[in-house]
1. Can you name the residue in the range 73-99 that is over 16 Å from residue 54 (Cβ atoms) and touching a helix residue (DSSP H, G or I) at 6+ places or on another chain (Cβ under 6 Å) and is also modelled with the lowest pLDDT among such residues?
2. So in the range 171-189, with the set limited to residues that are in a loop (DSSP other than H, G, I, E, B) and at pLDDT 90 or above, which one is farthest from residue 105 (Cα to Cα)?
3. Take residue 25 and decide whether it is open to solvent by 40 Å² or more (accessible area, probe 1.4 Å) and at pLDDT below 90.
4. Quick test of your reading of the structure: residue 32 fulfils all but one of (1) open to solvent by less than 30 Å² (accessible area, probe 1.4 Å); (2) modelled with pLDDT under 90; (3) not in a helix (DSSP H, G or I). Name the failing condition by number.
5. Under 8 Å between Cβ atoms, which residue pairs at least 6 apart in sequence (or on different chains) link something in the range 192-208 that is in a loop (DSSP other than H, G, I, E, B) with a partner that is surrounded by 12 or more Cβ atoms within 10 Å (Cβ to Cβ) and among the β-branched types (Val, Ile, Thr)?
6. Could you list all residues from the range 121-136 that are of a type outside the set (Val, Ile, Thr) and surrounded by 14 or more Cβ atoms within 10 Å (Cβ to Cβ)?
7. In the range 125-140, which residues are modelled with pLDDT under 90 and either among the acidic types (Asp, Glu) or assigned to a loop (DSSP other than H, G, I, E, B) (or both)?
8. Looking only at the range 156-184, filter to residues that are of a type outside the set (A, V, I, L, M) and more than 15 Å from residue 128 (Cα to Cα); which one of those is surrounded by the most Cβ atoms within 10 Å (Cβ to Cβ)?
Amino acid sequence: MSQQSPFQSAQSSVMSMQANPSAPPSWLQPHEQMVWVGETQYGNRGWGGGLIVTIFGALLVLGGLFGGSIGATIVGGLFFIVGAPLTYAGIKQGGTRFYLTSFRLVRVKRGTVLNQISRQIFRGKNLATFLRVTQAPSGKYDKEWVKVVNLHVDVLDPNSGNVLMSLGWVPAPSVQALETISQVVYCQYCGRSNPPSNNACSECGASL
């Protein structure tokens, strides 16, 4: 039995999470292939939890004010202070998707490209220089009670260390796809994948 490469494994494990793969986005270039499509768990679904915390906090504050309970007012204020920013950030990030293609990493909101990063700047770079991954304190469970590990991912400039794009909280299998950014170089002319050490495309001979 043949064993999948890390790149193939990453592709197959995240393809099921792609959003409407039958309708490729209009901004795709010739020979550009979709590798991974994902969306931040926090931005697209997490705002609901923040809204609940905010409403609960507001009710506690109102109850404390009308009932003369300083303790309830303080606790409610704390809940509100925590929940309001979460709700705002979640609504702001809602509808945002991230696309890793053979040429670039793209951040899109409701079909509009917000920013993009060429894969070329990561070519042959050490993973630690451009990908900052932080694990959530506790995982969540899906409908089959399988623990889902979410990771907070920031894409950094490999030269300066500045954050180029924050992907928010994404499932762990998505990180496997992102880790391939520096491991494969795609030819802009024919789309052929090449190892980062190649200076010319092994298919058409074009300069990489």
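The values are calculated or read from the model by the stated rules, or taken from the named source; none is laboratory data. Note that the structure is predicted; figures quoted are calculated from it, not measured. Methodologically, a virtual Cβ is constructed for each residue, glycine included, from the backbone with ideal geometry; neighbour enumeration extends over all protein chains shown. For accessibility, only protein heavy atoms count, side chains too; no ligands or nucleic acids. Shrake-Rupley method; radii C 1.70, N 1.55, O 1.52, S 1.80 Å.
1. 93
2. Of the residues in the range 171-189, the ones in a loop (DSSP other than H, G, I, E, B) are 179-184, 187-189.
Subsequent filtering for residues that are at pLDDT 90 or above retains 181-184, 187-189.
Details: 181: 9, 182: 12, 183: 14, 184: 13, 187: 16, 188: 15, 189: 18 Å.
Per the criteria, the residue is 189.
3. no
4. Against the list (1) open to solvent by less than 30 Å² (accessible area, probe 1.4 Å); (2) modelled with pLDDT under 90; (3) not in a helix (DSSP H, G or I), residue 32 comes up short only on (2).
5. Between residues of the range 192-208 that are in a loop (DSSP other than H, G, I, E, B) and residues that are surrounded by 12 or more Cβ atoms within 10 Å (Cβ to Cβ) and among the β-branched types (Val, Ile, Thr), the close pairs are 195/184; 195/185; 196/184; 196/185; 198/185; 208/185.
6. 122, 123, 125, 127, 130, 131, 132, 136
7. 136, 137, 138, 139
8. Initially, the range 156-184 is screened for residues of a type outside the set (A, V, I, L, M), giving 157-162, 166, 168-169, 171, 173-174, 176, 179-180, 182-183.
If we keep only those that are more than 15 Å from residue 128 (Cα to Cα) too, we end up with 166, 168-169, 171, 173-174.
Values: 166: 15, 168: 22, 169: 18, 171: 19, 173: 19, 174: 25.
Looking at residues that are of a type outside the set (A, V, I, L, M) and more than 15 Å from residue 128 (Cα to Cα), I get 174.
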